[in-house]
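No lab work stands behind these numbers, since they all come straight from the coordinates. Quick caveat: nothing in here was measured; it's all calculated off a predicted structure. Counting neighbours? That spans all protein chains shown, and the Cβs are built from the backbone with ideal geometry, glycine included.
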Amino acid sequence: MSTQRTVLITGGNRGIGRAIAEEFVALGHRVAVTARSGEGPEGTLTVHADVTDAASLDAAFTAVEEQYGPVEVVVANAGITRDLLLLRMTEADFTDVIDTNLTGAFRLVKRASKGMIKARFGRIILVSSVVGLLGSAGQINYSASKSGLIGLARSVTRELGSRGITANVIAPGFIETDMTAELPEQTQADYKKSIPAGRFATPTEVAKVITWLASDDAAYISGAVIPVDGGLGMGH
Ligand code: NDP
């Protein structure tokens, strides 16, 4: 069994983040989640934070450290979409998505890195998307934020790789959550036709890859982009 770690997941109250928290709990880790609303699953410590606000993230982090000790694994999962075609997308639509999905991850990684450098151990996992590499009409803001995470993880790997810290990106395809439930039925059916697996994934299928990346077995994997997409993005 892998070493028990202290884990912090952003956006752990629902969707993929909640499934990630459940998997870490099932493996016996000490798990904290950030939530703006609601609570994380049973067995987790919920701290309230908004990833667009560095002070609230810092306070949440400190609360977790006080309860569980140094945070060894962080998962930047919180994310939003604001889909519009380029000509209709305002600058606020663009910067709000970047602020949550990309700058939010930067804030988390920066805060986490202090303790990780000191401990000479850390696992940083950033939840990107297949569209970060494929691109997606109507999602210029979202796909830019998600491809930015790859540069972030790879630069962190170069900066902190010698300190026992790894930084990796997960690129899910279509996962059954509130985010995809919002898509019209016809759009969902069209997407399924283009996925070699012929279906969307469950959040647990993403979560299991993330817990493995955080495990002792994945110590030599860093700067990687790992697809969990049923083959949708093949050729990246
Ligand atoms: P959901 O919409 O179901 O959940 C999003 C989570 O992010 C919620 O917990 C939400 O909290 C949190 N969140 C959003 N904005 C902020 C913020 N400013 N500060 C703190 N928390 C915030 O999304 P999914 O579970 O589907 O997605 C999770 C991640 O996976 C996202 O990064 C998404 O881009 C990515 N992803 C999802 C795919 C999918 O098919 N579903 C595919 C590929 C990637 P609250 O409830 O308080 O709003």
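Sorted from fewest to most neighbouring beta carbons within 10 Å, what does the list Met234, Met116 look like?
Details: Met234 10, Met116 25.
Result, fewest neighbours first: Met234, Met116.
Add +1 for every Lys or Arg and -1 for every Asp or Glu among the other residues with Cβ under 12 Å from the Cβ of Thr187, and state the total.
Within the 12 Å Cβ shell, the charges total -2.
Find the centroid of the Cα atoms in the range 176-236 and in the range 109-130, then give the distance between the two in whole Å.
After rounding, the separation between the Cα centres reads 21 Å.
How charged is the neighbourhood of Glu205? Take every other residue with its Cβ under 12 Å from the Cβ of Glu205, and add Lys/Arg as +1 and Asp/Glu as -1.
Details: positive: Arg199, Lys208; negative: Glu23, Glu176, Asp229.
Around Glu205, the surrounding residues sum to -1.
Based on other C-beta atoms within 10 Å, arrange Tyr68, Tyr191, Tyr220, Tyr142 from fewest to most. Numbers along the way, then the final one.
Values: Tyr68 18, Tyr191 15, Tyr220 6, Tyr142 23.
Final ranking by Cβ density, sparse to dense: Tyr220, Tyr191, Tyr68, Tyr142.
Give the separation of the Cα centroids, the range 1-42 to the range 131-162, in Å.
23
Between Leu45 and residues 5 or more places away or on another chain, which pairs have amide H atoms under 5 Å apart, with H built 1.01 Å from N, and which residues are they?
Residues meeting the criterion, in which the H sits 1.01 Å from N, are Val31, Ala32, Val33.
Which one, Ile124, Ile80, Ile210, has the greatest fluctuation when you compute a Gaussian network model over the chain with C-alpha springs under 10 angstrom?
Maximum among the listed residues: Ile80.
Quick check for me: using +1 on Lys/Arg Cβ and -1 on Asp/Glu Cβ, what's the dipole size of the chain about its Cα centre, in debye to the nearest 20? Numbers along the way, then the final one.
Values: 22 positive and 25 negative charges, 152 e Å.
For the chain, the charge dipole is close to 740 debye.
For the chain, which semi-axes, largest first and in whole Å, follow from the square roots of 5 times the eigenvalues of its Cα gyration tensor? Walk me through the numbers on the way to the answer.
Details: eigenvalues 148, 72, 63 Å².
After scaling each eigenvalue by five and taking roots: 27, 19, 18 Å.
For the chain: lysine pairs with Cα atoms under 28 Å, gap of 8 or more or different chains, count?
Eligible lysine pairs with Cα atoms under 28 Å apart amount to 11.
Which residues' amide hydrogens lie under 5 Å from the amide hydrogen of Ile80, considering only partners 5 or more residues apart or on another chain, with H built in the peptide plane?
It is Asn101, by chain and number.
If we sort 165-178, 85-98 on the protection proxy, mean other Cβ atoms within 10 Å, highest first, what's the order?
165-178, 85-98
Quick one: what are the phi-derived ³J(HN,Hα) couplings along the range 36-50, Karplus 6.51/-1.76/1.60 with θ = phi - 60°, whole Hz, x for glycine and proline?
8, 9, x, 9, x, x, 4, x, 10, 9, 9, 10, 8, 7, 10
What are the residues whose amide H is under 5 Å from the amide H of Ala201, where those residues sit 5 or more places off or on another chain and H is modelled from the backbone?
Distant-sequence amide H within range of Ala201: Phe174, Ile175, Glu176.
Of Ile125, Ala189, Leu85, which is farthest towards the positive pole of the range 80-236's charge dipole, taken about the Cα centre with +1 and -1 on the beta-carbons of Lys, Arg and Asp, Glu respectively?
Toward the positive end, the furthest listed residue is Ile125.
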